[in-house]
Amino acid sequence: DRPASLIAIHPLDEAPLFEPLLGAVRHLLLDGFDLMLVLMGSGRAEPAIRRQIRSLGLTPAVTIVPLMRPLRTVLAGADVFLHLKDRGLFNAQMLEAMGVGLAIAGAEDPTSGLLKDGQTAVLWDGKDEQSIYGCLKRMLSQRESTRQLALNAQAFLRQQCGVSNMVDCILDAYAAAKQTAGRRPPQAVG
């Protein structure tokens, strides 16, 4: 019966990125959902984001904290990890969140390929407040299916990122490189 806890770990460099999320959280609170949102990060837009939080009356439910370590311990106390934007970089925090069993909601992540809508995550259009609202409302209303989504993500992670799978991929890459090297004509040295 505790409030649902949502966590987003993202640089606070773009205030417009957070506007739809904050608007969706405001509507969820008005609908009677008991939740807390933690924005973890820092950046040049932090003062503007704090002003948005205050102007929407979200200070009791939304907080900004700097990046904390050990991250695994922090994530273990949350329920849902929010992936706000694919930055073209591998999102190690999202991988860690999946590993500790958080449900994932957010924007598509073509960089890692870990987020599969309805299988390992619930995806939204990050620029559309209604899309974010609908996604989070479903997750908060249907806690058992949200929990199943988190379990699916953990299983997918074990299957795709387990040690044996990684060793198999390395061996395959080595065999392919060896085969390719065997086809090349010898090169002169010197």
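The values are calculated or read from the model by the stated rules, or taken from the named source; none is laboratory data. All values reported here derive from a predicted model rather than from experimental measurement. Note that we place each Cβ from the backbone using ideal geometry, even for glycine, and neighbour counts take in every protein chain shown. Accessible surface areas use protein heavy atoms only, side chains included; no ligands, DNA or RNA. Shrake-Rupley method; radii C 1.70, N 1.55, O 1.52, S 1.80 Å.
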Do the conditions hold for GLN93, that is, is it open to solvent by 30 Å² or more (accessible area, probe 1.4 Å) and modelled with pLDDT of 95 or more? no
For region 56-76, enumerate the residues that are open to solvent by less than 90 Å² (accessible area, probe 1.4 Å) and either modelled with pLDDT under 95 or part of a helix (DSSP H, G or I) (or both). LEU67, MET68, PRO70, LEU71, VAL74, LEU75, ALA76
Here the qualifying pairs (Cβ atoms under 6 Å; residues six or more apart or on different chains; first in region 39-55 and in a helix (DSSP H, G or I); second aliphatic (A, V, I, L, M) and modelled with pLDDT of 95 or more) come out as GLU46/LEU12; ALA48/ALA15; ILE49/LEU12; ILE49/ALA15; GLN52/LEU22; ILE53/VAL62
Taking region 156-175 and keeping residues open to solvent by less than 50 Å² (accessible area, probe 1.4 Å) and either aliphatic (A, V, I, L, M) or modelled with pLDDT of 95 or more (or both) leaves LEU157
Which members of region 80-90 meet the condition of being at pLDDT 95 or above and open to solvent by 10 Å² or more (accessible area, probe 1.4 Å)? LEU84
Within region 48-77, residues within 28 Å of VAL100 (Cβ to Cβ), among the hydrophobic types (A, V, I, L, M, F, W, C) and touching a helix residue (DSSP H, G or I) at 6+ places or on another chain (Cβ under 8 Å) come out as ILE49, ILE53, LEU58, ALA61, VAL62, ILE64, MET68, LEU71, LEU75, ALA76
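Determine whether GLU96 is farther than 20 Å from PRO20 by Cα, within 17 Å of the chain's Cα centre (by Cα) and not small (Gly, Ala, Ser). Give the steps one after another, and end with the answer.
Values: farther than 20 Å from PRO20 by Cα: yes; within 17 Å of the chain's Cα centre (by Cα): yes; not small (Gly, Ala, Ser): yes.
It is true that GLU96 is farther than 20 Å from PRO20 by Cα, within 17 Å of the chain's Cα centre (by Cα) and not small (Gly, Ala, Ser).
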Output for Cβ contacts, cut-off 7 Å, separation at least six or different chains, first residue part of a helix (DSSP H, G or I) in region 4-29, second open to solvent by 10 Å² or more (accessible area, probe 1.4 Å) and of a type in the set (Lys, Arg), reads LEU17/LYS85; PRO20/LYS127; LEU28/LYS137
If you scan region 106-149, which residues turn out to be open to solvent by 40 Å² or more (accessible area, probe 1.4 Å), acidic (Asp, Glu) and either without any contact (Cβ under 8 Å) to a residue 40 or more places away in the chain or assigned to a loop (DSSP other than H, G, I, E, B) (or both)? GLU108, ASP117, ASP125, ASP128, GLU144
